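A quick write-up on the structure given underneath.
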Amino acid sequence: MNSSRRLFLQGTALALVGCLASPLALTAAEGKAMIALMPKSKGNAYFLSCKIGADRAAKELGVELLFDGPVDSNAAKQNEIVENWITLGVDAIAVAAENKEGISTALRKAQKQGIKVVTYDADALADARSFFVNQATPEGIGYALMDEAARLCGNTGEFAMITASLTAANQREWQKKIEKRLAEKYPQMKLVAVRPCDDLKDKAQSEATALMSANPKLKLIMSICSPGVPGAAEAVKQAGRVGQVKVIGLGLPNENRRYVKEGVIDSIILWNTENLGYLSVYAAVALANDQLKPGAKSFKAGTLGEFKIEGDQILLGKPFLFNKENIDQFDF
Amino acid sequence: MKTPQTLERSHGWRKWLLRHETLLLVVLVLEWSLFYYFGTSVNRRGMTVGFGTLDRQFDILRHSCEIGLLALALTPVILAGGIDLSVASLLGLCAVIFGQLTHDLGLSLSIAAGATVALGALAGGLNATLIAGLRLPPLIVTLGTYSLFRGLAEALTRGAVTYSDFAPRFLSLGQDRWLALPVQAWVFFAVAAGMWMLVHRTVAGRSFRVIGFSPEGARFAGLPVTRNLAGVYVLAGAIAAIAALIYTARLGQAKADAAIGYELFAIAAVVLGGTSIFGGRGSVTGTLLGVAVIAVLKNGLATLPVVIRLNAAEEISGMLTGFLLLAALAGSTIPKLVSARRNRS
Amino acid sequence: MSRYSRELSVLAVLAAMLLALGVWAPGFYRLQPLLSLATREAPVLVVACGMVLVVIARQIDISVGSQFSICSVAGGLLAAAGWPMVLVVPASVAIGAMLGMLNGALVAGLGLPSIVVTLAMLVTLRQGLNLFRQGEFVTLPDGVQWFGLSQSVGQALILAATGVLVIVLAAALRHVALGRQIYAVGSDAEASRLAGIRPRWVTFFAFAALGALTGLAAAMNVVQSPQVQPLSGNGMELKVIAAVVVGGVAISGGRGTLWGATAGLMVLACISPALVHLHIEAYWEKAIQGAVILLAAIAEGLRRRRSDA
């Protein structure tokens, strides 16, 4: 009996050693700078495509890129990972913040240790980072979505929104801007419902089906959560209401290409996420090397050229509209 | 020559060495040493970084406090043969309530904190009434309250409202140090000490194990089963509320999605610590060690170069925790099976 | 009559819900959306049927969501690699069965508590899949969706298959020896052992069956859209267990029916679309779900009290 227990103990320890004992030392020995990039959620294809651009930038600059984030959007986990990086002693951190205030504590700690901090995609508090690489402001995104929705509906009618989760900060921001634009410019239009899909394509499909059934005059479904766009599209297709109910949203070209070509989705709005990752890494590295300083008015990022800086925001540009004409040019 | 007394003593010494808690302690020391060796290095700027830094150790301590509190809350519940899946959802609800009390109602921090703990106990009372009072199965009741509490948190905030901008005085609970340790660690230690006293040194505490072993037998023995069983769920609610305060202070925000998924790790810590899920057997020390093993595992893995390169810290720590749990279960069961087979043949 | 009092009360609740919807949200009763709803929920029902077996046997399996995700991704990858659906479906079932047998081996073979074993499996399997797939969708080739047939035929096929499965399983539970043995083992394992039944094998079978059914459900899910999302099984265990419990299957084992679980699933599945049709805000959904589960638990407690008295 004793030996069986001991065996298990030894086995566990051995397994640990076997799996993890790695002779690899950290790159301290190699002298490469370490840039850490954090998505809001690791599995989200949106952030994975940011990583593609980031990897490219890291290769061009000769730095080591660490990419880690919570598996599902989780502010607490983001903090934990930032603190990991602090004790790892990375040179710069680029974070897409799930929660503005929550992440700022950890980021300030990093700054105190001499680590440079930029945020991208979703900002933290201003004093917790040097720059915010913004693909477009939430206003720009919200307005672009609302304007496109209005255009497709002829400025009148009912539409519904599918979001990721009711608590996701970024989505709340966009929703607020959309509602603001709606109230200001399109009084003839009505937002009848906002339903969460928990980042699940299938749930979005169920929600969209119910929405169409409950609101027979529904003209458009807008999904601001990227897995929700193909879900809503499939729902419209299965309901046989292609063309009667339009679908737009924030989504990735690859996931939605089929539906765009079939005419189920009219347009998806995004920005070049690869460029976002690329720009973020360039900015982080430049900060770490003291080449980019607060107060700068523009910033040159490798092969992408010059980017405007407004205050402490590095702007990628305006939101980009993908539709039937141009979607084949993109692969992410 | 061996006298009966020396035989007794040597037996006792061996027994202590092979107790579940001791083995867990060995695992803890082993993994800690492994991570210290492989996860510490000197970085480009000449700083010692990685697992071996004091900062890192404090981080581990800080992060263990909330799950640790939940695990402590679950220990008497599981000892008494019950289970509570709703503790993490209750944490979320209490966090949101605290946010509302301080922001919308403008209550002072101490009053709001007290009210939150009271409301947490009250919510635990719902579980207590249904489980101890109506004798409904704990798994189902707490499955229901798992959804209900989280749902109430979402409804109270309309899913959207986040409370932040807490007074720095409050935030220091989660972010500062006091007497060289993180503040919340002291709270955690206090609750741990209290829980240990309750479970191991009071009459009520000892009754938990009896109730878990055989509720009917306990009733026949004259123990106040219903009252004590109700008590553990109310207590769990109160502790979840305390954990909510710490969580909110650490993150600086109170949101409806606080602590989603924490209950799984809390239960894992309790079971890893040697407490039988059926009740009747276990200890608070075991739970504390279980929390420590899991926390060190999770944090330590993230410092290993190979894990960083794969950026798979969460996945690998999750899988290893699963394996560890199964190993711990098998480790306590297989010896019995083997000796039973031996006895039969 | 009193034997099925729980199931009948669930049916009553379901009827009340449907009636209320008919009065206040008649838009709910449109053929196409209902068909879509049913087809979407059919895989969940299949898993729930498997869960009934396990719960009657006095065990529980909270890893079904992760099993579902793995089988979905595996099926999707095989289909994308060119396997015909005729082979993909059995492959998915087989993978699910293997996962179920792993659970069964640990629970029945080693005598470990099922809730902790399946908890460990839930975490391990989910993280393993995340490690492998990183959340990336699996794009399916044309010809996979609806088995390459039209949507209506595909939906009819799935619904018919589910219906047949439920009927066959229900009949088997009642009339096949193994089915009755599951009830026996769930009521009193020791007594059943003395009666000549082998409780460990019966328990093992229950887990394996749940796994196989989960694999089948995953295949049924894969053919419903042109892409597979690895996260697709998230939260399924909660849904299925809640459905089973609401449907009158006792968590203490030994009693319960498939049609009760079906009614329970229908009650829970209708909550979300009901909220949409009644224009109630989405953030009430979890609270309502929790309340439904609690009410079901209370009903079960009352039933037990009445039968004990």
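Readers should treat all values here as calculations from the given coordinates under stated rules, not as data from a laboratory. Predicted, not measured: the structure shown is a model, and the values here were computed from it. When we count neighbours, we look across all protein chains shown, and the Cβ atoms used for this are built from the backbone with ideal geometry, even at glycine.
Its Cα gyration tensor gives chain C an equivalent ellipsoid; the semi-axes, largest first and in whole Å, are 29, 27, 17. Each label point was placed 7 Å from the Cα along the Cα-to-Cβ direction; for B:Ile111 and A:Lys217 their separation is 4.8 nm. Considering the range A:138-270 at the alpha-carbon level, its Rg and Dmax are found to be 12.9, 34 Å. Which parts of the range A:301-327 would a label at A:Lys185 reach, counting a residue when its backbone N lies under 18 Å from a point 7 Å out along Cα-to-Cβ? Flagged as within label range: A:317-322. Shown here are the Rg and Dmax of the Cα trace of the range B:225-285, at 14.1, 40 Å. Label-to-label distance, C:Leu87 versus B:Lys336, with points set 7 angstrom from Cα along the beta-carbon direction: 4.6 nm.
Take the Cβ atoms of A:Glu310 and B:Thr129, set R0 to 56 Å, and the FRET efficiency comes out at 0.45. Its DSSP H runs of at least 4 residues, each contributing -39,500 (n - 2.57), put the calculated 222 nm mean residue ellipticity of chain C at -24500 deg cm²/dmol, to the nearest 500.
Shown in residue order for the range C:186-198 are the 3J(HN,Hα) couplings computed by the Karplus curve 6.51 cos²θ - 1.76 cosθ + 1.60 at θ = phi - 60°: x, 6, 7, 4, 5, 4, 5, 5, 5, 7, x, 7, 10 Hz (x for Gly and Pro). Relative to the longest principal axis of the Cα atoms of chain A, the long axis of helix A:273-288 makes an angle of roughly 40 degrees. The H on the amide N of A:Lys246, modeled in the peptide plane, is under 5 Å from the matching H of A:Leu220, A:Ile221, each at least 5 residues off or on a different chain.
Dipole magnitude for the range B:64-260: computed about the Cα centre from +1 point charges on Lys and Arg Cβ and -1 point charges on Asp and Glu Cβ, it is near 460 debye. Highest mean packing comes first when the peptides A:78-84, B:320-326, C:209-215 are listed by Cβ atoms within 10 Å, giving C:209-215, A:78-84, B:320-326.
Can you tell me the dipole magnitude for chain B around its Cα centre, using point charges on the Cβ only (Lys, Arg +1; Asp, Glu -1), in Debye to the nearest 20?
Numbers: 28 positive and 16 negative charges, 271 e Å.
Using Cβ point charges on Lys, Arg, Asp and Glu, chain B gives about 1300 debye.
The H on the amide N of A:Ala122, modeled in the peptide plane, is under 5 Å from the matching H of A:Ala97, each at least 5 residues off or on a different chain.
For Cα pairs less than 8 Å apart in space and 6+ apart in sequence, what is the mean separation divided by the residue count of the range A:288-332, i.e. the relative contact order in percent?
Values: 29 pairs, mean separation 10.1, N = 45.
It comes to 23 percent, rounded to a whole number.
Throw me the Rg/Rh for chain B, computed over C-alpha atoms with Kirkwood Rh, two decimals.
Here Rg/Rh amounts to 1.01.
Backbone geometry of the range C:212-227 corresponds, through the Karplus equation with coefficients 6.51, -1.76 and 1.60 at θ = phi - 60°, to 3J(HN,Hα) couplings of 4, 5, 5, x, 5, 4, 4, 4, 5, 6, 4, 7, 9, 8, x, 9 Hz, x marking Gly and Pro.
Placing a label point 7 Å from the Cα of C:Phe147 along the Cα-to-Cβ direction, no residue of the range A:212-253 has a backbone N closer than 14 Å. A simple rule links phi to the HN-Hα coupling: the Karplus curve 6.51 cos²θ - 1.76 cosθ + 1.60 with θ = phi - 60°, which for the range A:209-220 gives 4, 5, 4, 5, 6, 7, 10, x, 8, 4, 9, 7 Hz, with x for Gly and Pro. Once the C-beta distance of C:Arg193 and B:Leu122 is scaled by a Förster radius of 60 Å, the resulting FRET efficiency is 0.85 to the nearest 0.05.
For the range B:235-345, report the translational diffusion coefficient in µm²/s to the nearest whole number, using Stokes-Einstein at 20 °C, 1.002 mPa s, and a Kirkwood Rh over Cα pairs.
Values: Rh = 16.3 Å.
Here the translational diffusion coefficient equals 131 µm²/s.
Rounded to the nearest 10 degrees, what's the angle between the helix A:253-262 long axis and the longest principal axis of chain A, both from Cα atoms, 0 to 90? Roughly 20 degrees between the two axes.
In percent, how large is the relative contact order of chain A, given Cα pairs closer than 8 Å and 6 or more residues apart?
Working: 645 pairs, mean separation 59.6, N = 332.
Relative contact order for chain A comes out at 18 percent.
Which values of log₁₀ I(q)/I(0), to two decimal places, follow from the Debye formula for chain A at q = 0.14 Å⁻¹ with a uniform point scatterer at every Cα? Rounded to two decimals, the profile gives -1.05. What the Cβ-Cβ distance of A:Thr303 and B:Tyr37 gives, at R0 = 35 Å and to the nearest 0.05, is a FRET efficiency of 0.25. Separation of the range A:190-206 from the range C:245-309 is 24 Å, based on Cα centroids. Here, the range C:1-111 has an Rg and a Dmax of 18.9, 54 Å when only alpha carbons are counted.
Proximity of backbone amide H atoms, modeled 1.01 Å from N, is registered between A:Phe132 and A:Thr119, A:Gln313, A:Ile314 at under 5 Å, excluding neighbours fewer than 5 places apart on the same chain. The Stokes-Einstein estimate for the protein assembly as shown, based on a Kirkwood radius over Cα pairs and taken at 4 °C with 1.567 mPa s viscosity, is a diffusion coefficient of 44 µm²/s.
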